[in-house]
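**Q** This is the structure I have questions about; it appears just below.
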Amino acid sequence: MTAPKLPNARRSAWIGQSVPRLEDRPLVAGLGRFVADLNRPRQLHARIVRSAHACGRIAEIDTSDALAIPGVTVWTAETLGDVPRIPFRATRISGLEPYVQPILAVERVRYVGEPVAVVFAEDPYVAEDATELVMVDIDEDVAPILDARAKPGEFLPGIGSEPTVVRKGYGDVEAAFAAAAHVVELDLATGRHSGIPMEPRGALADWDAGRQHLDLWGATKRPHWNRDRLAEIFGLSPTQIDLHEPHVGGGFGIRGELYPEDLLVCLGAMRLGRPVKWIEDRREHMMAANHSREQQHLIRAAVDTDGRILAIDETLHHDQGAYVRTHGARVADMSIGLLLGPYRVPAYAARAHFRLTAKTPAATYRAPGRFEGSFVRERLMDAIAQRLEMDPLELRRRNFIRADEMPFERGLTALESEVVLDSGDYDGLLSKALEFCGWSDMHAKAAKRRADGEAVGVGLGFFVEKSGLGPSELVRMSVATDGSIEIVTGAASLGQGMETAIAQIAADTLGADYRTCRVIHGQTARIDHGWGAHASRVTVMTGEATRRAATELKDRALDMAAELLDTEITYLVLDDGLATDTATGHSVTLAEIVKALDPVSPKRGHRTPGLTAEAWFHNTHMNYPYGAHIAMVAVDRDTGRTSVERYAISYDVGRAVNPAMIEGQIMGGLAQGLGGALLEEFRYDEDGQPLSVTFADYLMPTSAEMPEVAIQILQDAPSPLNPLGLKGSGEAGVTAAGAAIAAAVDDALQRPGLVKRLPVTPQYLHARIAEYDAERGQ
Amino acid sequence: MKPAPFAYYRPTSLEDAAARLAEGVDDGAMILAGGQSLVPMMALRVAYPSELIDLNVLPDLGTPFIDGTALVVPALTRHASFHKADPAFGVTGRMMAEVVRHIAHYPIRQRGTFCGSLAHADPSSEWALTANVLGAELELLSTRGTRRVPIADWCDGAMSTTREPDEILVATHLPLLSETTRTGFCEISRRAGDFALGMALVAIEVQGDTITAARVGLGGIEDAPRRIAEAEAELIGQPATPDTFAKAADAAMAVVEAMGDATTPPEYRRDLAGTVIRRALAQAIA
């Protein structure tokens, strides 16, 4: 795939082209270097001793047998001494400090998998042998709390297990309900699941005592923030720490936050004077890395006789697990901040009970709060349509915020910024989506098969995403003397294709081949500031900063080229790495221009030496892409097993830099969305023992479970918040999957309102059908 | 997920393996065949063999063969050996070619063994179900000699058998089905390749419209696969119709002691028993 070959077309028109990913060559050639591939001479291997109990007082930790193995070191909280805890990265909610997780458990354990001690040994096998010999005696003095709706208990003496209740809203909800023609109420739940990257976490730290310098490999997502916090925790200057992002096998929000293991590896390297490596195994990943999604929603809508929503009232119980980690209460906060999606809601009151339970702590996972909220909101819309005997699509159209109302101020906050829907034509997208998937035809086919005895149905979930989270991003872009281009950003790559997208924007703006660009990311030593990769922000934030830097470079390159070609800038075109005088046809290459700008070049004159530019992009508001998921499912009535047969996603991304990569993002996201809708769940028994710690018990969708998928990328609503109109696409494949599947299952079984919780497992559906029919006397 | 230290032994013959096992079994020596269950259990440190006695180094234990009226499956016959039905194995071979597709995934089937599956005795073992329907005999070797155990006496609850700790399951003898037998298999699992939530394997003979012989095996429902005599009784002498099949299914549902666990209540498995029996029978006459 190359640039368009139209006559007179710019060869460097890379934005909008589905060019191959720059990232792929090393990955498909087996040349990737992930953290487990990295080694340092004399390194030790760390292994974490984890609590086998959900809840209890630490009576004794006996390390003597482990220490009898040659070369083994064991630390507990006591030997570790007073190490500051990992602070919050993403919350303005105060009062959460008592609930922060210690690096190693202090006095009590609070979930199965909690780090209790750390072992350092000469090889990873010995480390695991020694770990088994650390005897942890737990006095199970109270029963674990395992339900966020249960009465809160005591976290510490005098401190309860509900760290906060987040409240949001506006308007007179009470009056709206009093005046409503209809009140529709639902009690819904989403199951506990999370991002399960193909590569588990890992860290490798090396302390150079001579230089007093710490290196940490295995960083990603937020390297700069993590560096700065590590510096504070260890009493170092940020200039004494470098974080390095190697290849990363998926992040999905859970990877790259500061975890206890990262600190233990650094402390090990600093105190033991040898490099320390830790590679998480799959079983511990399932109980150590952030969980997500487990919420219970009691939602009510006040509706008039025409189906117009007058008010929504929502009570959320968020199952946070045992501690509050770096995200603070962000997921609960944004769940209610972004719940309303595309609909006009004149009055709204929501309260999110953020509660601790004896489970692995939770935080963000791809489309946090929106996967849950879209399920709840779209269930509600279907229930209102059912109550009013209206077509559910017509009901949605009546309540959509109109295109001419944009930008639309919600009067709510999420991710510490005001929610202002920047642009969108929801009604227009719905029409396009229905046409794209062949909605009428799908319905007709499903109806025909139902008449023939099958249980086949179609469902839709509409959603509004958010992307382009600020506050800032910095890019430094340089052209080397061979004409190749380096773009340094403090954003990160978890495998999503950001190198290619940023190269496309840089090359398109400057007028060069995108394949001559190298994008450096996740290296704190290379750039002073960076906000990483999360919240679908990189293409927007780093993309716009790149465009600005490239624009400056282009101006400076053309200024030099004009002198070299003895012409005026206005006659020059910079394309494919060549500045050409359109009057004479004479040209100079970018390499020649850079050489002319060499500090000692006589041609440079008073121009700044070299060709390097830095540019910032600051952004106080997110932007809001949107779309629709449409699913066709077949349910096996006898077994409750749901097969997804067809799936269509329409998504307005504002401006598509690389449509093929966006499709890839959406396809991968959908696999995770279907996992959360049908398969994946971290389950616990009544003692708080996790039941889903291997891939035999935690079921992820495989290629056999993936349906035929059609993806429609629309660009009808560019963001007014950046000149290219960019919006993000990292989470769109996940967001409304639960909503669409639930609606399709209801339709297949012709039981409106059947699905009340995710995942829709065969066992759940089997029991739920019986319950539903009993409630209705069938 | 790295195993605890263990020793590794390459036997020179089955007899040598049996001698080594007798010597080491009290310390925790174990036989390694395909390793598709044992090795993950070692990695998870739920199995701690002191020594693995690796049968894979022995020759001539891989190919199933006919001995009189039985199909003999030696200790190292991989699941994948049954991917293509050997014409010499007749109806039995075709039935096993259908069943084998439901065992885990393709790479696992290249390594895992038939006898290993019987020795491991997972309630959801497709081969344990097959062995029950066919009336298998299991051939065990120890330093005390060989003995044969009928499949009905083999499983002793979930993941437990009547094998003595020093015995090696060296072969399974599967009596061949008559060529007029019709078979049907239905397995329900969460995803393709997962352990069965429930499965049924049936073998029936039909003359005219009437069922003259019936074997109905059920797996994944109770703690071990077995034939359900009550369901078979509902079939014999009856027309091969959905009504008859439903009666057989109801009879099975009435007698099974369905397992329950945190994910799957026993009521679900009991209903599933009926479903898989109905579907397997329908497939048999299709």
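The values are calculated or read from the model by the stated rules, or taken from the named source; none is laboratory data. As the structure is a computational prediction, the values presented were derived from the model and not from experiment. Reconstructed Cβ throughout: ideal geometry from the backbone, glycine too, with neighbour counts over all protein chains shown.
**Q** Among the numbered criteria (1) more than 25 Å from A:Val126 (Cβ to Cβ); (2) small (Gly, Ala, Ser); (3) within 14 Å of chain A (Cβ to nearest Cβ), which one does B:Ala19 miss?
**A** If we test B:Ala19 against (1) more than 25 Å from A:Val126 (Cβ to Cβ); (2) small (Gly, Ala, Ser); (3) within 14 Å of chain A (Cβ to nearest Cβ), just (3) comes out false.
**Q** Under the condition of being within 20 Å of A:Ala13 (Cα to Cα) and of a type in the set (Val, Ile, Thr), which residue from the stretch A:538-569 is surrounded by the fewest Cβ atoms within 10 Å (Cβ to Cβ)?
**A** If we take residues in the stretch A:538-569 being within 20 Å of A:Ala13 (Cα to Cα) and of a type in the set (Val, Ile, Thr), then A:Thr551 is surrounded by the fewest Cβ atoms within 10 Å (Cβ to Cβ).
**Q** Is it the case that some residue within the stretch B:42-49 is within 11 Å of chain A (Cβ to nearest Cβ), without any contact (Cβ under 8 Å) to a residue 12 or more places away in the chain, closer than 30 Å to A:Met286 by Cβ and not β-branched (Val, Ile, Thr)?
**A** Within the stretch B:42-49, none of the residues are within 11 Å of chain A (Cβ to nearest Cβ), without any contact (Cβ under 8 Å) to a residue 12 or more places away in the chain, closer than 30 Å to A:Met286 by Cβ and not β-branched (Val, Ile, Thr).
**Q** Within the set of pairs 6 or more residues apart or between chains, which connect a residue that is within 16 Å of B:Val39 (Cβ to Cβ) and in contact (Cβ under 8 Å) with a residue 24 or more places away in the chain inside the stretch B:51-74 to a residue that is in a strand (DSSP E or B) and among the hydroxyl-bearing types (Ser, Thr, Tyr) with Cβ atoms less than 6 Å apart?
**A** B:Glu51/B:Tyr9; B:Leu52/B:Tyr8; B:Ile53/B:Tyr9
**Q** Could you look through the stretch B:248-265, keep only residues that are away from chain A (no Cβ under 11 Å) and part of a helix (DSSP H, G or I), and pick out the one that is surrounded by the most Cβ atoms within 10 Å (Cβ to Cβ)?
**A** B:Ala248
**Q** Are there any strands (runs of 3 or more DSSP E) wholly within the stretch A:171-251 with 3 or more residues that are exposed (fewer than 15 other Cβ atoms within 10 Å of the Cβ), and if so which?
**A** A:182-190
**Q** A further question follows. Which residues, counting only those in the stretch A:574-601, are touching a Ser or Thr at 6+ places or on another chain (Cβ under 8 Å), under 14 Å from A:Thr481 (Cα atoms), of a type in the set (Gly, Ala, Ser) and surrounded by fewer than 19 Cβ atoms within 10 Å (Cβ to Cβ)?
**A** Across the stretch A:574-601, the qualifying residue is only A:Ala591.
**Q** Follow-up question, since we're still on this one. Quick one: A:Trp278 ticks every box in (1) buried (at least 24 other Cβ atoms within 10 Å of the Cβ); (2) within 14 Å of chain B (Cβ to nearest Cβ); (3) assigned to a loop (DSSP other than H, G, I, E, B); (4) not polar (S, T, N, Q) except a single one, so which number is it?
**A** For A:Trp278, the exception is condition (3).
**Q** List pairs: first in the stretch B:1-15 and away from every other protein chain (no Cβ under 14 Å), second in a loop (DSSP other than H, G, I, E, B) and among the polar types (S, T, N, Q), Cβ under 9 Å, 6+ apart or cross-chain?
**A** As it stands, the answer is B:Ala7/B:Ser50; B:Glu15/B:Thr143, since those pairs meet every condition given.
**Q** If the requirement is being in contact with a Phe, Trp or Tyr (Cβ under 9 Å, 6 or more places away or on another chain), surrounded by fewer than 24 Cβ atoms within 10 Å (Cβ to Cβ) and under 24 Å from A:Leu460 (Cβ atoms), which of these qualifies: A:Leu393, A:Leu339, A:Leu388?
**A** A:Leu393
**Q** Restricting to the stretch A:253-283, count the residues that are under 19 Å from A:Val324 (Cα atoms) and either in contact (Cβ under 8 Å) with a residue 60 or more places away in the chain or in contact with a Cys (Cβ under 9 Å, 6 or more places away or on another chain) (or both).
**A** Residues that pass the stated criteria total 11.
**Q** Looking at (1) part of a loop (DSSP other than H, G, I, E, B); (2) without any contact (Cβ under 8 Å) to a residue 60 or more places away in the chain, can you tell me which one A:Arg25 breaks?
**A** (1)
**Q** Going through the stretch A:117-133 one residue at a time, which ones are within 14 Å of another protein chain (Cβ to nearest Cβ) and of a type in the set (Val, Ile, Thr)?
**A** A:Val119, A:Val126, A:Thr131
**Q** Check A:Arg683 against each of (1) in contact with an Asp or Glu (Cβ under 9 Å, 6 or more places away or on another chain); (2) surrounded by 22 or more Cβ atoms within 10 Å (Cβ to Cβ); (3) within 14 Å of another protein chain (Cβ to nearest Cβ) and name the one condition it does not meet.
**A** (2)
**Q** Would you kindly identify the helices (runs of 4 or more DSSP H) lying entirely within the stretch A:690-777 that contain at least 3 residues that are within 14 Å of chain B (Cβ to nearest Cβ)?
**A** Hits in the stretch A:690-777: A:762-775.
**Q** Would you mind finding the one in B:Thr146, B:Thr92 that is of a type in the set (Val, Ile, Thr), crowded, with 20+ Cβ neighbours inside 10 Å and touching a Leu at 6+ places or on another chain (Cβ under 7 Å)?
**A** The match here is B:Thr92.
**Q** Scanning the stretch A:464-509 for residues that are part of a strand (DSSP E or B) and among the small types (Gly, Ala, Ser), which turns out surrounded by the fewest Cβ atoms within 10 Å (Cβ to Cβ)?
**A** Out of the qualifying residues, it is A:Ser472.
**Q** Restricting to the stretch A:625-680, give me the number of residues that are away from chain B (no Cβ under 14 Å), within 22 Å of the chain's Cα centre (by Cα) and of a type in the set (Asp, Glu).
**A** Of the residues in that region, 2 qualify.
**Q** For B:Thr181, are the conditions met, namely being within 17 Å of B:Gly90 (Cβ to Cβ) and either of a type in the set (S, T, N, Q) or assigned by TED's automatic domain parsing to the domain that holds B:Pro107 (or both)?
**A** yes
**Q** For residues that are more than 14 Å from chain A (Cβ to nearest Cβ) and of a type in the set (Gly, Ala, Ser), scanning just the stretch B:169-195, find the one that is farthest from B:Leu140 (Cα to Cα).
**A** The qualifying residue farthest from B:Leu140 (Cα to Cα) is B:Gly184.
**Q** Return yes when B:Phe245 is within 14 Å of chain A (Cβ to nearest Cβ) and out of contact with any helix residue (DSSP H, G or I) (no Cβ under 9 Å at 6 or more places or on another chain) and no when it is not.
**A** No; evaluated as a whole, the condition is false for this residue.
Every residue, every condition in (1) in contact with a helix residue (DSSP H, G or I) (Cβ under 7 Å, 6 or more places away or on another chain); (2) of a type in the set (Gly, Ala, Ser), yes or no:
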residue	(1), (2)
A:Asp172	no, no
A:Leu186	yes, no
A:Ala189	no, yes
A:Arg192	no, no
A:Gly195	no, yes
A:Met198	no, no
A:Leu204	yes, no
A:Leu214	yes, no
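**Q** Still on this structure, please answer the following. Among the residues of the stretch A:36-56, is any surrounded by fewer than 16 Cβ atoms within 10 Å (Cβ to Cβ), acidic (Asp, Glu) and within 35 Å of the chain's Cα centre (by Cα)?
**A** yes
**Q** Hey, another quick one. Of the conditions (1) acidic (Asp, Glu); (2) surrounded by fewer than 23 Cβ atoms within 10 Å (Cβ to Cβ); (3) over 30 Å from A:Ala301 (Cα atoms), A:Asp262 satisfies every one except a single condition; which number is it?
**A** (2)
**Q** Give me the pairs, please: first residue somewhere in the stretch A:722-733 and within 10 Å of A:Glu465 (Cα to Cα), second residue anywhere and modelled with pLDDT under 95, beta-carbon distance under 6 Å, and either six or more positions apart or on two chains.
**A** A:Gly728/A:Gly468; A:Gly728/A:Ser536; A:Gly730/A:Ser536; A:Glu731/A:Ser536
The rows are residues; the columns are (1) over 17 Å from A:Gly195 (Cβ atoms); (2) free of Cβ contacts under 8 Å to residues at least 40 places away in the same chain; (3) in contact with a Lys or Arg (Cβ under 9 Å, 6 or more places away or on another chain); (4) crowded, with 23+ Cβ neighbours inside 10 Å.
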{"position": "A:Leu670", "(1), (2), (3), (4)": "no, no, no, yes"}
{"position": "A:Leu699", "(1), (2), (3), (4)": "no, yes, yes, no"}
{"position": "A:Leu714", "(1), (2), (3), (4)": "yes, no, yes, no"}
{"position": "A:Ala736", "(1), (2), (3), (4)": "yes, no, yes, yes"}
